[in-house]
Amino acid sequence: MKSLLIFIVFFHSLLAYDYALEPTEVSETTHCFFGLSEVMDERNNGNMSNSCFVNMGTSYLVIDSGPTYQYAAQAYKKMKDIKNLPISYVVNTHVHDDHWLGNSYYKELGVQIIGSRAFKDEPKVEITRMQKRISPDAYAKTTQVFPTILVKDKKTLNFDSKKVQIISVNKKAHTDSDLLVYIPSEKMVFVGDLVFNDRLPSIRDGSLTGWLAALDEVRLMDVEYIIGGHGKVVDRSSIDMTYNYIKTLRERVASLIEDGEEIGDVVNMVTMDKFKNVNFYDSMHRQNVEIAYRMLEWESE
């Protein structure tokens with residue numbers, strides 16, 4: 001019987017998908033697993049967003065738990081190789097599932113999970129977006145675990161001599177409810193998908209006006225590190241590509257709406273050649289122009 005159990009455990013370990021994660025050191029206290037600039041599929045199995053760990057002295061703070069149970073388990077194993085610390089909190093920056101389905105692993109560890117107020121109304125679905133697109137072996141053991149601590153405005157966490165501020169954007173920006181994770185002592189802020197710097201942002205759930213306002217607020221913060229949800233640039237310049245794209249998109253589409261141009265013509269006219277070499281331009285830009293037109297047309301009424 002014992003031999004059979006050992007065989008079963010070994011067999012299931014062979015089925016598990018290996019994300020081959022490697023942490024990148026951002027600062028003395030912070031490491032990130034940077035996602036690939038790709039759409040989620042059965043080749044990358046959802047490894048397309050950033051998940052970061054901050055050593056707060058006697059424990060880790062995790063920002064975004066990743067796309068699956070297995071991803072989170074493998075990420076934490078890598079972090080324990082650097083320093084074997086427990087995890088105090090996981091913060092989910094927003095409701096897109098590539099950033100929080102790893103919660104199911106951290107729940108098993110008894111970790112407290114923090115998220116935006118939008119999770120209160122987020123329905124559990126029969127099949128998640130991630131589950132539809134990645135392999136069953138990579139999705140194994142993943143369940144929908146929502147945060148239990150919801151932030152409406154601001155929440156302060158105390159770690160020994162350090163403080164962490166969880167700040168709600170409190171306006172529609174990338175989503176209806178995005179969180180910033182600000183660590184003053186580290187001069188560091190995690191901004192989730194308010195910042196993309198390796199691919200065009202998707203604006204489907206957001207507001208161009210609110211997004212720019214949120215980024216303007218981030219730019220005023222006393223930080224050296226601005227760490228987004230997609231991309232490896234982590235200094236203050238990390239914000240530039242997203243900001244410039246959204247600002248230019250908004251200005252050009254708004255101007256054409258004012259001139260009375262129809263949506264089909266605007267989609268063809270707003271090419272924004274400066275961004276043609278950015279990943280996802282071919283698959284996402286025209287869609288963004290169409291969404292921007294409908295969004296700004298409604299705002300102007």
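At a glance:
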{"quantity": "Charge dipole (the chain, unit charges on Cβ, about Cα centre) - positive-most of Ile63, Phe159, Ile149", "calculated": "Phe159"}
{"quantity": "Calculated volume of the Cα convex hull per residue in Å³ (choose from (1) 151; (2) 142; (3) 118), label", "calculated": "(2)"}
{"quantity": "Potential extension, Asn277-Arg117 segment - 0.36 nm per residue separation minus Cα distance", "calculated": "54.0 nm"}
{"quantity": "Under the Karplus curve 6.51 cos²θ - 1.76 cosθ + 1.60, θ = phi - 60°, whole-Hz ³J(HN,Hα) for segment 127-134, x wherever Gly or Pro sits", "calculated": "9, 6, 4, 4, 4, 5, 10, 10"}
{"quantity": "Of Val289, Ile183, Thr248, farthest towards positive along the dipole that unit charges on Lys, Arg, Asp, Glu beta carbons give segment 158-290", "calculated": "Ile183"}
{"quantity": "C-alpha long axis of helix 208-219 to longest principal axis of the chain, angle in °", "calculated": "60 degrees"}
{"quantity": "Sequence-distant residues sharing a close amide H with Tyr60 (under 5 Å, placed H)", "calculated": "Ile87, Ser88"}
{"quantity": "Between helix 2-15 and the chain: long-axis angle, C-alpha atoms, 0 to 90°, nearest 10", "calculated": "20 degrees"}
{"quantity": "³J(HN,Hα), Karplus 6.51/-1.76/1.60, whole Hz, each residue of segment 81-95, x for Gly, Pro", "calculated": "5, 7, 7, 7, 10, x, 9, 8, 9, 10, 10, 9, 6, 6, 8"}
{"quantity": "Cα-Cα over 19 Å, subset of Lys172/Lys274; Lys187/Lys247; Lys120/Lys172; Lys80/Lys107; Lys152/Lys172; Lys120/Lys154", "calculated": "Lys172/Lys274; Lys187/Lys247"}
{"quantity": "Amide H within-cut-off set for Val151, under 5 Å, with H built and near neighbours excluded", "calculated": "Gly115, Ser116, Arg117"}
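Every number in this text was worked out from the coordinates using simple rules, so none of it is lab data. The model shown is predicted, which means the values in this text are computed figures rather than measured ones. Cβ coordinates were reconstructed from backbone atoms using ideal geometry, including for glycine residues, and neighbour counts include every protein chain displayed.
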